[in-house]
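Asks: Got a structure here, written out as structure tokens. Questions coming.
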Amino acid sequence: MSNHARAAVTGADLHPLLANRWSPRGFVAGHRLTDEDLNTLLEAARWSPSYGNSQPWRFLVARQGEPAFDRLAAQLLPGNQTWAPVASALLAIAATTVDEKGEPWPLWHYDTGQAAAHLTVQATAMGLVVHQMAGFDHDGLRAEFKLPDTIEPLAMMAIGHWDPEAALPENLREREFAPRVRKPLSELLLPV
């Protein structure tokens, strides 16, 4: 089964990169992400738009086998520790919340979310998958990597190749193959 077998059934003709992007938990064990692949993913995030070109996103990233990988994995909450450490790389995305004068940056959440989205679409184009997680110890990550108060951890990502045969707990295996669903567009539109 390829990533494309999980394409979303959409109400419009979406670009395949968007229709095929999804968030599995089963990763190919032992897959190594090359320097070039990692650089390409980070470059996609780097070139995303931001308020006043502020580029507030910051990354902590490590690949399987690197010491920082285990340090990142240790910050995952127990549910994510059952599957995410098999991924080729773990990435924590954070944001700087103030400018060089110490003034609050507007839209730092929004802009960092765009950088994450650009990274995930680039990963899809490269035949990779990304699963984004809120389930990690934010304070633990901050302490482990000595992040200043002006850097706010937002999410972690597991990156790699999807393995449909990956060993997962039964409840997660069911979710891996369940139909992909979204709310209807009518529920997302506010009245004007």
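Asks: Report yes if some residue within the range 55-64 is at positive phi and either at pLDDT 95 or above or under 16 Å from the mean Cα position of the chain (by Cα) (or both); otherwise report no.
Replies: As a first pass, look at the range 55-64 and keep what is at positive phi: 55.
From what is left, the residues that are either at pLDDT 95 or above or under 16 Å from the mean Cα position of the chain (by Cα) (or both) are 55.
Yes.
Asks: Any chance the range 134-143 includes a residue that's within 30 Å of Gly52 (Cβ to Cβ), out of contact with any Pro (no Cβ under 8 Å at 6 or more places or on another chain) and surrounded by fewer than 16 Cβ atoms within 10 Å (Cβ to Cβ)? So that I can check it myself, show each step before the final result.
Replies: Residues of the range 134-143 within 30 Å of Gly52 (Cβ to Cβ): 134, 136, 138-139, 141-142.
From what's left, out of contact with any Pro (no Cβ under 8 Å at 6 or more places or on another chain): 134, 139.
Filter again for surrounded by fewer than 16 Cβ atoms within 10 Å (Cβ to Cβ), leaving 134, 139.
Scanning the range 134-143 turns up at least one residue that is within 30 Å of Gly52 (Cβ to Cβ), out of contact with any Pro (no Cβ under 8 Å at 6 or more places or on another chain) and surrounded by fewer than 16 Cβ atoms within 10 Å (Cβ to Cβ).
Asks: Moving on. Scanning the range 96-130 for residues that are touching a residue at least 24 places away in the same chain (Cβ under 8 Å) and charged (D, E, K, R), which turns out surrounded by the fewest Cβ atoms within 10 Å (Cβ to Cβ)?
Replies: Asp99
Asks: OK, next. List pairs: first residue in the range 1-20 and farther than 14 Å from Val121 by Cα and at pLDDT 90 or above, second residue of a type in the set (Asp, Glu) and surrounded by 12 or more Cβ atoms within 10 Å (Cβ to Cβ) anywhere in the structure, Cβ distance under 6 angstrom, at least six positions apart or on different chains.
Replies: So the pair list comes out empty.
Asks: A further question follows. Would you check which residues across the range 154-163 are buried (at least 18 other Cβ atoms within 10 Å of the Cβ) and closer than 16 Å to Ala45 by Cα and list them?
Replies: Passing the criteria: Leu154, Met156, Met157, Ala158, Ile159.
Asks: Can you name the condition, by its number, that Pro148 falls short on among (1) exposed (fewer than 15 other Cβ atoms within 10 Å of the Cβ); (2) touching a residue at least 24 places away in the same chain (Cβ under 8 Å); (3) out of contact with any helix residue (DSSP H, G or I) (no Cβ under 8 Å at 6 or more places or on another chain)?
Replies: For Pro148, the exception is condition (2).
Asks: Still on this model: Can you tell me how many residues in the range 18-50 are of a type in the set (A, V, I, L, M) and within 19 Å of Ala95 (Cα to Cα)?
Replies: Our first condition is that a residue be of a type in the set (A, V, I, L, M); within the range 18-50, this holds for 18-19, 28-29, 33, 38, 41-42, 44-45.
Subsequent filtering for residues that are within 19 Å of Ala95 (Cα to Cα) retains 41-42, 44-45.
Residues in the range 18-50 being of a type in the set (A, V, I, L, M) and within 19 Å of Ala95 (Cα to Cα): 4 in total.
Asks: Hey, another quick one. Find the residue count for the range 1-55, including only residues that are farther than 30 Å from Asn171 by Cβ and small (Gly, Ala, Ser).
Replies: Our first condition is that a residue be farther than 30 Å from Asn171 by Cβ; within the range 1-55, this holds for 12-13, 15, 34-40, 42-55.
If we keep only those that are small (Gly, Ala, Ser) too, we end up with 12, 44-45, 48, 50, 52, 54.
Here the count works out to 7.
Asks: Please work out which residue is surrounded by the most Cβ atoms within 10 Å (Cβ to Cβ), limiting yourself to the range 174-192 and to residues that are free of Cβ contacts under 8 Å to residues at least 60 places away in the same chain and assigned to a helix (DSSP H, G or I).
Replies: The selected residue is Phe177.
Asks: Just checking, which of Pro148, Pro191 is farther than 27 Å from Trp22 by Cβ, out of contact with any Gly (no Cβ under 6 Å at 6 or more places or on another chain) and at pLDDT 95 or above?
Replies: Details: Pro191 fails: at pLDDT 95 or above.
Only one candidate qualifies: Pro148.
Asks: Among the helices (runs of 4 or more DSSP H) contained in the range 16-95, which hold 2 or more residues that are surrounded by fewer than 18 Cβ atoms within 10 Å (Cβ to Cβ) and among the acidic types (Asp, Glu)?
Replies: Details: elements: 16-19, 35-46, 67-73, 78-81.
Helices (runs of 4 or more DSSP H) meeting the threshold: 35-46.
The values are calculated or read from the model by the stated rules, or taken from the named source; none is laboratory data. Every value quoted in this text rests on a predicted model; they were computed, and no experiment measured them. Cβ: placed from backbone, ideal geometry, glycine included. Neighbour counts: every protein chain shown.
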